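What follows is a set of notes on a single structure, which appears directly below.
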Amino acid sequence: MKLRVKFSKHGAMKFIGHLDVMRYFQKVMRRADIDVTYSEGFSPHQKMSFAQPLGVGLTSDGEYFDIELNSLKPLGDKTAPDFTAETLKQKLNEVSAIDILVTDIVLLPEGAGKAMAEVCGADYTVRSLDTSLDLISACERFNKADTVKIEKETKKSVKEIDLKDFVYKLDATDKSTIKMRLCAGSGTNIKPTLLLKTLYEMNGISYPEERSAFEINRVDLLNKYMKSLSSDGKIF
Amino acid sequence: MRKTALSDEILLSVEKPERYIGNEINAVIKDKNEVDIRFAMCFPDVYEIGMSHLGIQILYDMFNKRPDTWCERVYSPWTDLDKIMREKKIPLFALESQDPVKDFDFLGITLQYEMCFTNVLQVIDLSGIPLHASDRKEGDTIVIGGGPVSFNPEPVAAFFDLFYIGEGEMVYDSLLDLYKKMRKEGKSRSEFIHEAGKLPGIYAPSLYEVSYNEEGTVKSFKPLFDDVPATVKKQLCIDLDKVTYPEKPLVPFIRVTQDRAVLEVMRGCIRGCRFCQAGQIYKPLRERSTGFLKDRARAILDSTGVDEITLSSLSTSDYTGLKEIIEFLIENYSDKYINISLPSLRIDAFSLDVMSKVQDVKKGSLTFAPEAGSQRMRNVINKGLSVDDIMKGSSLAFEGGWNKVKLYFMLGLPTETDDDVRAIADLANDVAALYFDIVPKEDRKGIRVMVTSSASFFIPKPFTPFQWAPMNSSEEFLRKAHLLNEHFRDELNHKSLKFQYHENDLSLLEGLMARGDRRLSKLIETAYNNGALYDSWSDCFDRSIWDRSIEECNVDVDFYTTRERKTDELFPWDFIDCGVRKDFLRSEYEKALKAEVTPNCREKCSGCGAASFGGGVCFEAKG
């Protein structure tokens with residue numbers, strides 16, 4: 001059976017890189033005695049696959065990975081009752097680090113696509129510590145524009161895109177906070193900083209040099225219906 | 001949410017910010033207002049190296065079991081952060097609380113290799129503690145050293161208030177109790193250091209005075225006070241089942257050098273190799289019981305979730321319960337796919353059988369450490385490994401499907417001739433030839449056997465029979481390496497042979513520090529001030545800084561390295577009693593010069609002196 005686990009990552013844990021988060025959760029599974037399915041072959045590994053990687057320095061309330069289990073019983077205890085979504089969540093959080101918290105677990109239907117393949121969008125909240133740009137009017141200006149052509153670097157080349165096609169929502173909720181819904185996934189993935197840079201450029205203001213000028217939180221990852229990735233599965 | 005000592009801006013601009021944020025699984029968080037003693041435990045190297053060290057995990061666990069003490073960790077900031085901390089005057093901090101080290105009662109620094117000395121100064125300096133112990137005032141953090149390099153602490157004696165000689169489990173509780181008591185009584189810092197210096201195993205450099213002979217050797221080494229002991233006795237646990245062993249070791253987020261659980265099966269070694277310092281200073285061999293180890297293995301694997309466990313010791317094949325422990329791990333942890341790693345195994349039928357069960361045969365190579373090429377040379381160093389052993393082990397390995405073999409050697413051993421050097425290549429060639437004899441052509445699957453030999457340069461260490469021996473000069477080392485390299489090319493099977501050797505700039509400095517005295521502290525400080533840091537990292541090490549500093553301080557390097565010591569010379573480290581007597585080491589040196597071997601501790605007791613500890617292999621029934 002395949003489960004989808006949603007977790008949040010806050011505080012100093014935003015400095016833990018994607019690969020290390022994967023290794024971290026493999027250890028969580030062993031600490032919690034979860035009956036995980038391993039791959040065959042010489043170096044067996046847990047059948048675990050992560051959704052869209054999160055950049056170092058970003059916090060998140062919407063991180064996901066899928067994991068395949070042999071059973072819902074704890075390892076080595078065949079008489080124990082099956083885990084429910086709630087008891088499994090508790091079990092995982094008992095052995096978790098401060099500031100990494102499992103918030104939701106769902107059971108995926110047979111044949112469900114991998115978490116990464118399901119990702120189509122991402123919601124972010126950005127808090128700006130930089131005051132040189134008027135965020136409210138910058139967002140309005142972006143929303144009113146017919147096209148916003150920018151050059152986007154891909155792995156192989158630089159191509160021109162219309163950023164309007166990939167920004168689904170943009171909204172300044174006050175003068176230091178923006179909410180954005182961006183295209184995400186293995187095809188085109190728009191980073192919040194790309195949109196921020198564009199907003200600065202459109203207004204002729206130079207983008208702040210400090211790496212910590214913006215506090216970016218990923219609120220959730222979304223499927224093709226622009227619903228939370230958890231909605232692909234059901235409570236058990 | 002936890003605070004961080006460094007701002008987001010800094011953390012986002014340095015390589016691997018994970019090194020500085022703490023919060024690892026099993027990290028211990030206490031309320032600093034609820035404890036009496038704050039101890040910062042430091043490994044003076046980068047996080048990934050320091051986190052791989054078992055000793056700190058043991059002491060961290062032991063100290064934190066005391067309700068009155070909070071022990072935290074400190075590592076050397078990498079060069080990028082080092083620069084920022086100096087520019088912005090950010091004091092060095094401990095990982096758990098992220099508080100400055102200078103707020104702590106103790107800064108403990110483990111000395112695992114000589115080339116960490118400039119990093120020791122970096123840690124003290126960045127903490128804002130005066131570099132010289134003599135400049136520290138009331139309220140300054142007490143700096144205490146430990147670890148194997150403390151067996152000759154003299155080159156860094158000026159920077160430490162105290163050293164702990166031996167195994168930390170023994171006296172640290174008394175030391176912390178004494179500190180707490182004296183502080184409550186309102187006693188001064190220097191009064192505490194004086195009292196601490198009377199505890200067994202504790203050495204307070206400021207309580208001793210050294211004088212030198214005209215030719216530069218030590219004339220006398222005496223305590224300045226009547227109540228301070230003239231010799232400091234190494235501390236050692238006889239019953240390793242009775243001392244604490246961490247059940248919840250720290251689990252780093254980033255991949256560290258030893259990214260696995262460590263089960264220390266025993267301490268000490270029966271094998272008396274004459275070049276090996278660890279073999280002497282951890283004598284006698286003491287085993288942990290299989291029951292104790294099974295309990296700990298279970299607790300550690302359950303609390304960490306790591307996927308690999310290593311059975312650690314100086315020579316794990318000599319552990320009598322090895323088979324039982326391995327079977328236990330295979331039986332109980334196959335459902336979690338735990339790998340078992342077995343360093344320092346002798347290659348024989350049993351170990352190959354085990355390895356084929358627990359490791360991926362296709363990937364691995366087998367490692368032998370003959371250390372020398374000729375049998376004569378191996379007798380000199382008392383390496384109880386014959387050509388037969390190597391050939392038998394290799395043929396079993398080739399039959400078992402391995403086709404990569406690594407051989408470790410040393411160049412520059414005492415009495416070494418050019419013939420001995422060339423014998424290294426001949427031995428590697430014989431191993432490769434054996435493959436062609438044993439594995440029929442149709443079974444080779446187009447894969448060429450590869451025998452990789454690597455040579456390091458021999459450095460005489462204190463408390464070994466070779467502490468009197470001259471070290472080769474840099475020129476002599478290089479000449480031998482080149483000679484050997486050429487001889488490798490002339491071998492029949494040269495296409496299956498690889499030879500590599502390590503640059504020798506570091507060896508020279510390591511040799512200098514290993515048998516150095518108090519006068520070298522000036523050189524270390526000068527080199528540090530001239531910019532030397534992370535000397536054990538080849539991409540950081542800058543020979544020219546050291547050359548310049550050696551010149552500035554007028555140090556005669558040859559005096560410390562290439563000079564053969566006289567039989568009765570008083571060594572800077574002779575005030576330490578490591579259990580093994582100096583006259584025993586001398587007789588071993590003389591036997592070495594005659595290429596005579598000494599049996600191992602299980603074959604026959606040689607009366608080295610370690611029996612004075614009253615336990616371990618010295619009191620096992622001899623087979």
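Every number in this text was worked out from the coordinates using simple rules, so none of it is lab data. Please read these numbers as outputs of a predicted model, since none were measured by experiment. As a convention, Cβ positions derive from the backbone with ideal geometry for all residues, glycine included, and neighbour counts pool all protein chains shown.
Shown here for the range B:579-622: GluC sites (Glu not before Pro) in loop regions (DSSP other than H, G, I, E, B) with at most 13 other Cβ atoms within 10 Å, namely B:596, B:603. Near the amide H of residue A:36, within less than 5 Å, lie the amide hydrogens of A:70, all on another chain or at least 5 residues away, with H placed in the peptide plane.
Shape annotation for the protein assembly as shown: C-alpha extents along the principal axes are 91, 76, 56 Å, from largest to smallest.
Residue by residue along B:299-308, Cβ atoms of other protein chains within 10 Å of the local Cβ number 4 on average.
Between the helical axis of A:18-31 and the longest alpha-carbon principal axis of chain A there is an angle of about 20 degrees. Against chain B, whose longest principal axis comes from its Cα atoms, helix B:474-490 is set at around 30 degrees. The helix-only estimate of mean residue ellipticity at 222 nm for chain B, built from DSSP H runs of length n ≥ 4 each weighted as -39500 (n - 2.57), is -10000 deg cm²/dmol after division by the residue total.
Modelled label positions at residue A:70 and residue A:90, each set 7 Å beyond Cα in the direction of Cβ, lie 2.5 nm from each other. Across peptide B:12-24, the average count of Cβ atoms from other chains found within 10 Å of a residue's Cβ is 4. Each residue in B:378, B:563 was given a count of other beta-carbon atoms within 10 angstrom of its own, and listing them fewest first yields B:563, B:378. What angle, in degrees between 0 and 90 and rounded to the nearest 10, separates the Cα long axis of helix B:322-333 from the longest principal axis of the Cα atoms of chain B? In chain B, helix B:322-333 runs at an angle near 80 degrees to the longest axis. Rounded to the nearest 0.05, what FRET efficiency do residue A:132 and residue A:225 have when you use their Cβ-Cβ distance and R0 = 41 Å? E(calc), rounded to 0.05, equals 0.60.
Residue pairs exceeding 31 angstrom between C-alpha atoms, taken from B:283/B:495; B:30/B:242; A:191/B:16; B:198/B:283; A:175/B:89; A:47/B:3: B:283/B:495; A:175/B:89; A:47/B:3. Taking the number of Cβ atoms within 10 Å of each Cβ as an exposure proxy, the fewest-first ranking of B:351, B:313 is B:351, B:313.
Straight Cα distances below 20 angstrom link residue B:441 to the aspartates and glutamates B:399, B:430, with same-chain residues fewer than 8 positions distant left out. What's the longest uninterrupted piece of chain A once you rule out the GluC sites (Glu not before Pro) that are loop residues per DSSP with at most 15 other Cβ within 10 Å? Longest gap between qualifying sites, sites excluded: A:111-208. Ranking B:537, B:13, B:492 by how far each Cα lies toward the positive end of the dipole of chain B (charges on Cβ) leaves B:492 at the top. Listing B:163, B:63 from fewest to most neighbouring C-beta atoms within 10 Å gives B:63, B:163.
Each residue of the range B:547-555 is assigned a 3J(HN,Hα), and the resulting list reads 4, 4, 5, 4, 5, 4, 8, 6, 8 Hz, derived from the Karplus form 6.51 cos²θ - 1.76 cosθ + 1.60 (θ = phi - 60°), x at Gly and Pro. When chain A is treated as a GNM with alpha-carbon contacts under 10 Å, the residue of A:97, A:85, A:122 showing the greatest mean-square fluctuation is A:97. Averaged over the residues of A:16-26, the number of partner chain Cβ atoms lying within 10 Å of the residue Cβ comes to 4.
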